[in-house]
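Student: Encoded as structure tokens, here's the structure I'll be asking about.
The values are calculated or read from the model by the stated rules, or taken from the named source; none is laboratory data. Everything numeric here is computed off the predicted structure, so don't read it as measured data. Here the Cβ is made from the backbone with ideal geometry for all residues, glycine too, and neighbour counts use every protein chain on show.
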Amino acid sequence: MTDIVWFKRDLRVHDHEPLFRASKLNKIIPLYIIETDLWQQPDLSDRHYEFLIDSLRDLNFSLKNLGQELIIRVGNAEQVFSNLIKEHAVENIWSHEETWNNWTYQRDLKLKRLFTSKNIKWHEIHVNGVFRGLNDRKLWTSMFYQEMEKIPYEKPDKLNSIDILSETLPSADDLGIKSIECPYRQRGGEREAQNVLNSFLKLRSLDYSKNISSPTHSHETCSRLSTYLAFGNISLKQIFYYTKTAINAFKDGEDYANNMNLRSINAFKNRLRWRSHFIQKLEDQPNIESQNLHDAYNDIRDGYFNEDLYHAWQEGQTGFPLIDACMRSLINTGWINFRMRAMLVSFASNNLWMDWRKFAHHLSNIFTDYEPGIHYSQIQMQSGTTGINTIRIYNPIKQSYDQDKDGIFIKKWVRELQNCPVEYIHEPWKIIEGMYNYPAPIIDEGETRKKAAAVLYSIKSKIRNSETTKKILKKHVS
Ligand SMILES: Cc1cc2nc3c(=O)[nH]c(=O)nc-3n(C[C@H](O)[C@H](O)[C@H](O)COP(=O)(O)OP(=O)(O)OC[C@H]3O[C@@H](n4cnc5c(N)ncnc54)[C@H](O)[C@@H]3O)c2cc1C
């Protein structure tokens, strides 16, 4: 008999429960399906595909060393599984549970029907502290920590080889995937993930908390694990385990570059929990990808979309130096820190008064670490449409003075402002509007912020004790 281990967003051999368990039973086909329709979805772009290819190559290397290389299939998952089931005596399918976009959710429903009709058992194993079928969040935090305290699975000792050929990996071009060039993208793969975690724990975490919102320094001092987590090059449990090991080693007097900032490490660990907290929201309520969490905000931005303003924001041409620097940096590197992401969304939602559904895909396209559960929850939070979170409207001029005092980040990404004196770098229009071939501000920041605040606060005060608000709190707050 044969089992299939279906790799999805778990591209690693260590701490891979489905692979570990399946390897003890039958011969296995370690399968990855390049799903051609998935790659046409509007939330994805070629930077995700390129990171995937790095990850698959690394996974193939590790699997080959275990005795059976990765089997690639290109096409439609139902068709791929139907063919494999015809050609091999398949007894079980093993995979992790996936909480991803609506497309993958619908695909999994179809596959469930297929496997049931063929009497094949699909072992879907929960992962990363996200649990299926929760009615509320009462026990979630303790369930999460219970899981994170477990010891990660070792890689399997060996895989029995099977007589089956793999297909070649198509390029992003072959698949017609939306292309947005990203010259400084992170490289994918399980071994890369381990290196990034090690360098963070050993060296880079010292100033994690201090620099967390600095657009210049956070590239180095944040963990930069988000993309590895999004593709499952490393599991959350592994990160908890290695972090704990590092703390113990440090407490026992091991070097750790002579220092370890335990406050920073604790702040980092809290964020790892937030990750699962947000993905759990999407698991419990898949429609937050397309609908406001609170319906009181349903039509407040209807009819306000302005194509020119949108393009100025999307291309980093708003005339607000920090906004433009962040957008251009994000396009070129695929990453920016939390505060700068929040500010970009706040500007689009509040200053430009755009419905988040109009711009969420531009951001998902350029975040290499795109993770729907975090992405849509955060975009809704920063747009003020959840009804349960504090309303935050970032002032991009204040952020510019606070986070990039000397304009180093701005000058790096907004080359037009290279020669602008530092005292004007945050508000270059104060010299002469249009100087340096840089656009004048596309909106009045103060006026638009006040208007947005008036609408959002007035709704918030009306719905504070409403039944809908109470239901949302019960469902999503632990
Ligand atoms: C509008 C918006 C969209 C976002 N979209 C994504 C996304 O698609 N994918 C994504 O991984 N993060 C997203 N984030 C959260 C956060 O910005 C990134 O996780 C973080 O910048 C990643 O860098 P890092 O790995 O160095 O994070 P660190 O600061 O080193 O944190 C470690 C890990 O904790 C998790 N984490 C950190 N901050 C948050 C947070 N606020 N919410 C949830 N989890 C968090 C991430 O998995 C991260 O890798 C978004 C934030 C905003 C405001």
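Student: Which of the residues belonging to the range 372-387 are farther than 14 Å from residue 349 by Cβ and more than 9 Å from the ligand (Cβ to nearest atom)?
Tutor: The one that is farther than 14 Å from residue 349 by Cβ and more than 9 Å from the ligand (Cβ to nearest atom): 387.
Yes/no per residue for (1) at pLDDT 95 or above; (2) surrounded by 12 or more Cβ atoms within 10 Å (Cβ to Cβ); (3) within 18 Å of residue 34 (Cα to Cα):
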residue: 77; (1), (2), (3): yes, yes, yes
residue: 81; (1), (2), (3): yes, yes, yes
residue: 86; (1), (2), (3): yes, no, no
residue: 90; (1), (2), (3): yes, yes, no
residue: 93; (1), (2), (3): yes, yes, yes
residue: 100; (1), (2), (3): yes, yes, yes
residue: 115; (1), (2), (3): yes, yes, no
residue: 120; (1), (2), (3): yes, yes, no
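Student: Looking at 314, 280, which one is over 19 Å from residue 388 (Cβ atoms), within 16 Å of the ligand (Cβ to nearest atom), in contact (Cβ under 8 Å) with a residue 24 or more places away in the chain and not small (Gly, Ala, Ser)?
Tutor: 314
Student: Then there's this: Please verify whether the range 207-223 includes one or more residues that are of a type in the set (Val, Ile, Thr), closer than 30 Å to residue 18 by Cα and crowded, with 21+ Cβ neighbours inside 10 Å.
Tutor: no
Student: Of the residues in the range 362-401, how many are touching a residue at least 12 places away in the same chain (Cβ under 8 Å) and farther than 24 Å from residue 474 by Cβ?
Tutor: Summing the residues that are touching a residue at least 12 places away in the same chain (Cβ under 8 Å) and farther than 24 Å from residue 474 by Cβ in the range 362-401 gives 18.
Student: Next up: Tell me which residues, restricted to the range 338-366, are aliphatic (A, V, I, L, M) and within 8 Å of the ligand (Cβ to nearest atom).
Tutor: Correct list: 342, 344, 345, 363.
Student: With the requirement that a residue be part of a helix (DSSP H, G or I) and crowded, with 20+ Cβ neighbours inside 10 Å, what does the range 284-294 give you?
Tutor: Answer for the range 284-294, where residues must be part of a helix (DSSP H, G or I) and crowded, with 20+ Cβ neighbours inside 10 Å: 284, 288, 289.
Student: Here is a follow-up. Of 214, 171, which residue is more than 20 Å from the chain's Cα centre (by Cα), of a type in the set (Gly, Ala, Ser) and outside the structural domain of residue 11 (by TED's automatic domain parsing)?
Tutor: 171 is the lone residue from the list that is more than 20 Å from the chain's Cα centre (by Cα), of a type in the set (Gly, Ala, Ser) and outside the structural domain of residue 11 (by TED's automatic domain parsing).
Student: Would you be able to say whether some residue in the range 391-412 is within 13 Å of the ligand (Cβ to nearest atom), in contact with a Lys or Arg (Cβ under 6 Å, 6 or more places away or on another chain), within 30 Å of residue 228 (Cβ to Cβ) and hydroxyl-bearing (Ser, Thr, Tyr)?
Tutor: no
Student: Just checking, does the range 447-454 include any residue being out of contact with any Lys or Arg (no Cβ under 7 Å at 6 or more places or on another chain) and surrounded by 18 or more Cβ atoms within 10 Å (Cβ to Cβ)?
Tutor: Yes, there is a match, as at least one residue in the range 447-454 is out of contact with any Lys or Arg (no Cβ under 7 Å at 6 or more places or on another chain) and surrounded by 18 or more Cβ atoms within 10 Å (Cβ to Cβ).
Student: Follow-up. On the basis of being out of contact with any Leu (no Cβ under 8 Å at 6 or more places or on another chain) and within 15 Å of residue 156 (Cβ to Cβ), does residue 20 make the cut?
Tutor: For residue 20, the condition - out of contact with any Leu (no Cβ under 8 Å at 6 or more places or on another chain) and within 15 Å of residue 156 (Cβ to Cβ) - is met.
Listed here are the residues, each with its yes/no results for (1) modelled with pLDDT under 95; (2) among the polar types (S, T, N, Q); (3) surrounded by 24 or more Cβ atoms within 10 Å (Cβ to Cβ).
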position	(1), (2), (3)
340	no, no, yes
347	no, no, yes
353	no, no, no
359	no, no, no
364	no, yes, no
369	no, no, no
377	no, yes, yes
383	no, yes, yes
394	no, no, no
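Student: Considering each residue of the range 28-81, count those that are within 19 Å of residue 232 (Cα to Cα) and either among the acidic types (Asp, Glu) or under 20 Å from the mean Cα position of the chain (by Cα) (or both), and give that number.
Tutor: 20
Student: Can you pull out the residues in the range 243-260 that are surrounded by 14 or more Cβ atoms within 10 Å (Cβ to Cβ) and away from the ligand (no atom under 13 Å from the Cβ)?
Tutor: 244, 246, 247, 249, 250, 256, 260
Student: OK, next. If residue 267 satisfies every condition in (1) outside any loop (DSSP other than H, G, I, E, B); (2) more than 9 Å from the ligand (Cβ to nearest atom); (3) surrounded by fewer than 21 Cβ atoms within 10 Å (Cβ to Cβ) but one, which is the exception?
Tutor: The single condition residue 267 does not satisfy is (2).
Student: In the range 310-331, what count of residues is obtained for those that are within 17 Å of the chain's Cα centre (by Cα) and either surrounded by fewer than 19 Cβ atoms within 10 Å (Cβ to Cβ) or among the basic types (Lys, Arg) (or both)?
Tutor: Count: 0.
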